[in-house]
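No lab work stands behind these numbers, since they all come straight from the coordinates. Because the structure is predicted, anything quoted here is derived from the model rather than measured. All Cβ positions, even for glycine, are placed from backbone atoms using ideal geometry, and neighbour counts span all protein chains on display.
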Amino acid sequence: MSKLFPTQEIGSLRKPSSLLSLVKKPGISDEEKAKTRNDAALLNIRTLEETGLDIIYDGEVRRVEMYEEPVRYIDGFDFAGRVRSWDNKYYNKARVTGPVKFKGNFHEYEFKFVRKNSKKEIKVPVTGAYTLADWSYNEHYKSKEELIIALARNVLRPLIKDLVKLGAKIVQIDEPAGTSHPSEMDIFKESINESVKGINTKIVVHACFSGNDYKVLAPQMSEIKAQQYTLEFANRDAWNLGTSEKTRKGFQVLKLFKEYGYKGEIGIGVTDVHVDEIESPQLVRDRILFAAKALGDPSKIYVNPDCGLRTRSRKVAFNKIKSLVQGAGLARQKFK
């Protein structure tokens, strides 16, 4: 994309209350549920377009959540029950009881609907092999590494290949567990590379809130077959204006990426998805300008929230995105 500081969302938005209430209502037909999901997807697409984002999806409105949704459609998994992940959030954790196998493109209808109804560039988020393995009970494979590679080869690769065949030009591999275990960074690298082997499309790796900073990721970045990383920065950063070293503590690691020779794109998180306070466009601008200087190449900077915004109300989420877009516009003015 030729535009400086392109803006994008990361993936999830909170589902409209009308969708949640209707799909749970007894006696509702499958046709009515499908129409409601289509309407909700269209609402998200139109709203994201109106905010001025350059790259969008549909807020993952059809997905239960990022782990349970794909697991439902992969052979070899059996759900074990709900477990607490963080705060008071729970997810339906599964056991791996047999060989994992891709059963079909579970994002096909979703992708086709977005492509048909959006005028913007589209980025398809998919949950990565490492996170699927890390968040599951392994009762079949001899090791976690064996499970990760099986998921990469037998599930992620065919899924991404099929999306590309359908016309997907950007695929984002979501790996929130990516830096959770620093001793496993080699297998994390291998999992991404196996997932995209032989695939010709733009690959984005998204890693956030894993409990470790990105110092463990930096040495691997140039060896992973991804053209962009979208990462969390705002959650670690100060809220005061300015572009000094002290002010922008959340973005210091960008210098480390440069030192390790990473030359690809970075999607910088400029809005914190864990608070309701809306970052001002001026704060977003300053974060972008510091990041551009730290990385040494403004053309490599993309702008996004730290992560998906489903933990925030829809009003807060869209206001954060609007501020993000406005801040990117202010940053561009500095390069005219």
ask   = Cross-link list 189/293; 116/197; 300/334; 161/300; 24/93; 144/225: which exceed 18 angstrom alpha carbon to alpha carbon?
value = 189/293; 116/197; 161/300; 24/93; 144/225
Calculated diffusion of the range 163-220, Stokes-Einstein form, Kirkwood radius summed over Cα pairs, 4 °C and 1.567 mPa s, µm²/s = 105 µm²/s
key: Kirkwood-type radius of the range 17-333, with distances r between different C-alpha atoms, in Å   = 20.3 Å
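Mind checking the range 38-125 for trypsin sites (Lys or Arg not before Pro) that DSSP puts in a loop (not H, G, I, E or B) and that have at most 15 other Cβ atoms within 10 Å? Numbers along the way, then the final one.
Values: sites: 46, 62, 63, 72, 82, 84, 89, 93, 95, 101, 103, 112, 115, 116, 119, 120, 123; in loops: 62, 63, 72, 103, 119, 120, 123.
Qualifying residues, ordered by number: 72, 103, 119.
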request  = Using just the helices of the chain, give the 222 nm mean residue ellipticity in deg cm²/dmol: DSSP H runs with n ≥ 4 each add -39,500 (n - 2.57), and the total is spread over all residues, rounded to 500.
outcome  = -11000 deg cm²/dmol
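Quick one: putting +1 on the C-beta of Lys and Arg, -1 on the C-beta of Asp and Glu, what dipole do you get for the range 131-179 around its Cα centre, in Debye to the nearest 20?
Approximately 320 debye in magnitude.
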Under-5 Å amide H pairs with residue 124, H placed in peptide plane, nonlocal only = 170, 171, 172
key: Unit charges on C-beta of K, R, D, E only; dipole of the chain, Debye   = 840 debye
request  = Output the direction-averaged projected area (hull surface divided by four) of the convex hull of the alpha-carbon atoms of the range 213-260, in nm².
outcome  = 3.7 nm²
remark   = Those trypsin sites (Lys or Arg not before Pro) from the range 242-306 that are DSSP loop and have at most 15 other Cβ neighbours within 10 Å turn out to be 246, 263
request  = Mind computing the radius of gyration and Dmax over the alpha-carbon atoms of the range 56-196? Å is fine for both.
outcome  = 14.9, 47
note = Check: C-alpha center the range 257-336 vs C-alpha center the range 1-61, spacing in Å is 22 Å
request  = Using only alpha carbons, build the gyration tensor for the range 16-122 and give me the equivalent ellipsoid semi-axes, biggest first, whole Å.
outcome  = 27, 18, 16
inquiry  = Please list, by residue number, every one of the chymotrypsin sites (Phe, Trp or Tyr not before Pro) in the range 1-106 that is coil in DSSP and has at most 16 other beta-carbon atoms within 10 Å.
reply    = 73
remark   = P(r) of the range 97-150 over all Cα-Cα pairs, 10 Å bins starting at 0, rounded to whole percent, reads 19, 38, 24, 16, 3
inquiry  = Given the options 164, 179, 224, identify the residue whose Cα lies farthest towards the positive end of the charge dipole of the chain (+1 on Cβ of Lys, Arg; -1 on Cβ of Asp, Glu).
reply    = 164
message = What does the extension gain come out to for residue 29 and residue 197, with contour length at 0.36 nm per residue minus their alpha carbon separation?
response = 56.4 nm
